[in-house]
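Following: one structure in structure tokens, then a few remarks.
The values are calculated or read from the model by the stated rules, or taken from the named source; none is laboratory data. Computed from a predicted structure; not experimentally measured. Please note: Cβ atoms are built from the backbone with ideal geometry, for glycine as well, and neighbour counts cover all protein chains shown.
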């Protein structure tokens, strides 16, 4: 697979690579220092399409489909630490040994684990509505993870004539304030991705490793002080899945942290508010990877 599309002067290439026997699909654009984009639970890498385009003029940007999600083959482990170990194998396979790591939601928890596993190999970190910053989560996520409804959903959705399209529409409606701003490549790619019972099974496995009766498991908030690299936390102010105040708590625990709260955005910030996110990410990367970086202390909170 090696399909290409033009994106504002940049060529977005769709590629596959074998990572330890796992066929892995990813998108790539631009040249320069590597930036690795980790998608959220159950999402294909097209969720990063706007961010990928926006960074490709200065960086080599790589958006990967996590194993079992999108169009990558599954692996046995479904928890964030196992996914992080796989992501490091993928980074080495694509010769991005020291990437800036950007993760969203479940992918944010994967990104934190990547930074904890190899802190010297992550020059800076961007966490967008990351999982694991507190127990609070939308009760609907608890129902899907802890009751037979999740099993019914994974079995029923691919078999209904318009099941995948309805599911993707529901995800967009609940996860965003402005679903019409979500780029079209995500809609078509995500419908195709969730048409497979295997993809929904992987999503359910992941939910059940990350969500328990008391809310989120695999909490990472207490480990944030271990991260030495500059870290930007971004969160949608209208997030109804995971509350934005978890982002405030996360920033306070970071050794070198910044916070960007995005108004009129829900959980799907990279998709519905890519431009707003880029306005925070681009200067952050320029500062954190440039000569002006200072270590230690907290940087001011950025509200926008």
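Give the residue, chosen from 204, 227, 200, 261, that is in contact with a helix residue (DSSP H, G or I) (Cβ under 6 Å, 6 or more places away or on another chain), at pLDDT 95 or above and surrounded by 15 or more Cβ atoms within 10 Å (Cβ to Cβ).
Testing whether each residue is in contact with a helix residue (DSSP H, G or I) (Cβ under 6 Å, 6 or more places away or on another chain), at pLDDT 95 or above and surrounded by 15 or more Cβ atoms within 10 Å (Cβ to Cβ) leaves just 227.
Give all pairs with beta carbons closer than 9 Å in which a residue from segment 277-300 that is on the phi > 0 side of the Ramachandran plot meets a residue that is at pLDDT below 80; count only pairs at least 6 apart in sequence or on separate chains.
Within 9 Å, no pair qualifies.
Inspect segment 125-140 for any residue being farther than 27 Å from residue 258 by Cα and either surrounded by fewer than 22 Cβ atoms within 10 Å (Cβ to Cβ) or in contact (Cβ under 8 Å) with a residue 12 or more places away in the chain (or both) and give the result as yes or no.
Applying the first criterion (farther than 27 Å from residue 258 by Cα) to segment 125-140 yields 139-140.
Of the ones still in play, those that are also either surrounded by fewer than 22 Cβ atoms within 10 Å (Cβ to Cβ) or in contact (Cβ under 8 Å) with a residue 12 or more places away in the chain (or both) are 139-140.
Yes, segment 125-140 contains a residue that is farther than 27 Å from residue 258 by Cα and either surrounded by fewer than 22 Cβ atoms within 10 Å (Cβ to Cβ) or in contact (Cβ under 8 Å) with a residue 12 or more places away in the chain (or both).
Got a sec? Which helices (runs of 4 or more DSSP H) wholly within segment 163-258 have at least 3 residues that are farther than 21 Å from residue 136 by Cβ?
It comes to 163-175, 184-193, 197-210.
Give the residues of segment 234-282 that are within 15 Å of residue 112 (Cβ to Cβ) and out of contact with any strand residue (DSSP E or B) (no Cβ under 7 Å at 6 or more places or on another chain), sorted by residue number.
242, 246, 249, 253, 255
State the number of residues belonging to segment 96-131 that are at pLDDT 95 or above and more than 21 Å from residue 51 (Cβ to Cβ).
Residues flagged as at pLDDT 95 or above and more than 21 Å from residue 51 (Cβ to Cβ) within segment 96-131 amount to 6.
Checking residue 90 against (1) over 15 Å from residue 114 (Cβ atoms); (2) in contact (Cβ under 8 Å) with a residue 12 or more places away in the chain: exactly one of these is not met. Which one?
Looking at each condition in turn, residue 90 falls short on (1).
Would you confirm whether any residue within segment 160-168 is farther than 19 Å from residue 83 by Cβ and in contact with a strand residue (DSSP E or B) (Cβ under 9 Å, 6 or more places away or on another chain)? It would help to see each step written out before you state the result.
Our first condition is that a residue be farther than 19 Å from residue 83 by Cβ; within segment 160-168, this holds for 160-168.
Retained after the next criterion (residues that are in contact with a strand residue (DSSP E or B) (Cβ under 9 Å, 6 or more places away or on another chain)): none.
The answer is no, given that none of the residues of segment 160-168 is farther than 19 Å from residue 83 by Cβ and in contact with a strand residue (DSSP E or B) (Cβ under 9 Å, 6 or more places away or on another chain).
Kindly check whether there is at least one residue in segment 154-169 that is under 30 Å from residue 100 (Cα atoms) and crowded, with 19+ Cβ neighbours inside 10 Å.
Yes, segment 154-169 contains at least one residue that is under 30 Å from residue 100 (Cα atoms) and crowded, with 19+ Cβ neighbours inside 10 Å.
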